[in-house]
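Engineer: Supplied in structure tokens, the structure appears directly below.
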Amino acid sequence: MAAVNGDDKPLQKISDAFKVLASVAQDSKSADMELAPFSRACTHVCPLFGCLGIAFMFAEKDFVAKVQDLAEASNSIKTLQSMIDQDVQNNCVRTAGSHTRNLLRVKRGLDMIRLLFEYMLVAEGSSLRDPASKAYEKALAPYHGWAIRKAVSAGLYTLPTKEQLLVKFNEDEATARVLMQNYVTACTPVLQYVDNLFISRDLGTDW
């Protein structure tokens, strides 16, 4: 399980990493987005799922495994575009374990954390149950079976409070709010960029 400990600053790491990716996603004249920095940015998100506890244990394991696959793929594949095109050529886009399929699921995990932060930033009180429930229902639940959805629902009652989560992040509320908003802002064009890779190749994203 990915964990946060010592002086780790996961929110600062994802804020910095996704700002770089966003600059690529928003620059129409830039080269294609490289897979190595994308996968490294995603590894910084892994501990965030671990901080949410058993409610998202399955999502964490799934996300971590698929990010690891993309990181390994980056040793031989330079860009997200070439990775997808390679799977298209090999007719394995939707095959379980394909890099493209894993990329789609990583994108959903990134979106879930983005939504969680969005809802946390406007929520009152210290409970994470409502923000986490809304984020899960929108980003991941449509693609999970009944058993997983039920397990997540039950696990929501074991979520840490906002204050406990910030302790795990090694941040106070003021700095955390800034960094969460930074991630939300930077992640949005990156997610759109990935969506466009699928849409431009008529692959769809609802599978």
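The values are calculated or read from the model by the stated rules, or taken from the named source; none is laboratory data. What you see is a predicted model, and the numbers here were worked out from it, not measured in a lab. Here the Cβ positions follow ideal geometry from the backbone for every residue, glycine too, while neighbour counts run over all protein chains shown. Please note that ligands, DNA and RNA were not included when accessible areas were found on the heavy atoms of the full protein model with its side chains. Shrake-Rupley method; radii C 1.70, N 1.55, O 1.52, S 1.80 Å.
Engineer: Counting only protein heavy atoms, what percent of the accessible surface of the chain is carbon or sulfur at a 1.4 Å probe?
Structural biologist: Carbon with sulfur: 51 percent of the solvent-accessible area.
Engineer: Just to confirm, what accessible area per residue do you get for the chain at 1.4 Å probe, in whole Å²?
Structural biologist: It amounts to 48 Å² per residue over the chain.
Engineer: On a C-alpha basis, how far is the centre of region 162-183 from the centre of region 45-68 in Å? Whole number, if you could?
Structural biologist: Between the Cα centres of region 162-183 and region 45-68 lies a distance of 18 Å.
Engineer: I need the fraction of alpha carbon pairs in the chain separated by more than 27 Å, rounded to a whole percent.
Structural biologist: Result: 28 percent of Cα pairs exceed 27 Å.
Engineer: Looking at region 47-129, which GluC sites (Glu not before Pro) are DSSP coil and have at most 11 other C-beta atoms within 10 Å of their C-beta?
Structural biologist: Glu124
Engineer: Here is a further query. Taking the alpha-carbon distance from Lys61 and a cut-off under 16 Å, which lysines remain once sequence neighbours fewer than 8 residues away in the same chain are dropped?
Structural biologist: Within the straight-line cut-off, Lys61 pairs with Lys107.
Engineer: In addition: Reachable aspartates and glutamates from Lys66, Cα under 20 Å, same-chain residues fewer than 8 places away excluded?
Structural biologist: Result set, ordered by chain and number: Glu34, Asp85, Asp87, Asp111, Asp195, Asp206.
Engineer: Residues in region 103-124 near a label at Arg201, defined as backbone nitrogen under 16 Å from the 7 Å Cα→Cβ point?
Structural biologist: From region 103-124, the list is 103-108.
Engineer: By the scheme Lys and Arg +1, Asp and Glu -1, what is the net charge of all other residues having a beta-carbon under 12 Å from that of Gly50? Before the final figure, lay out each step's value.
Structural biologist: Details: positive: Lys61, Lys168; negative: Asp8, Glu60.
Once positives and negatives cancel, what remains is 0.
Engineer: By average Cβ neighbour count within 10 Å, what is the ranking of 167-174, 64-71 from highest down? It would help to have the intermediate numbers written out before the result.
Structural biologist: Working: 167-174: 14.9, 64-71: 19.4.
The packing order, highest mean first, is 64-71, 167-174.
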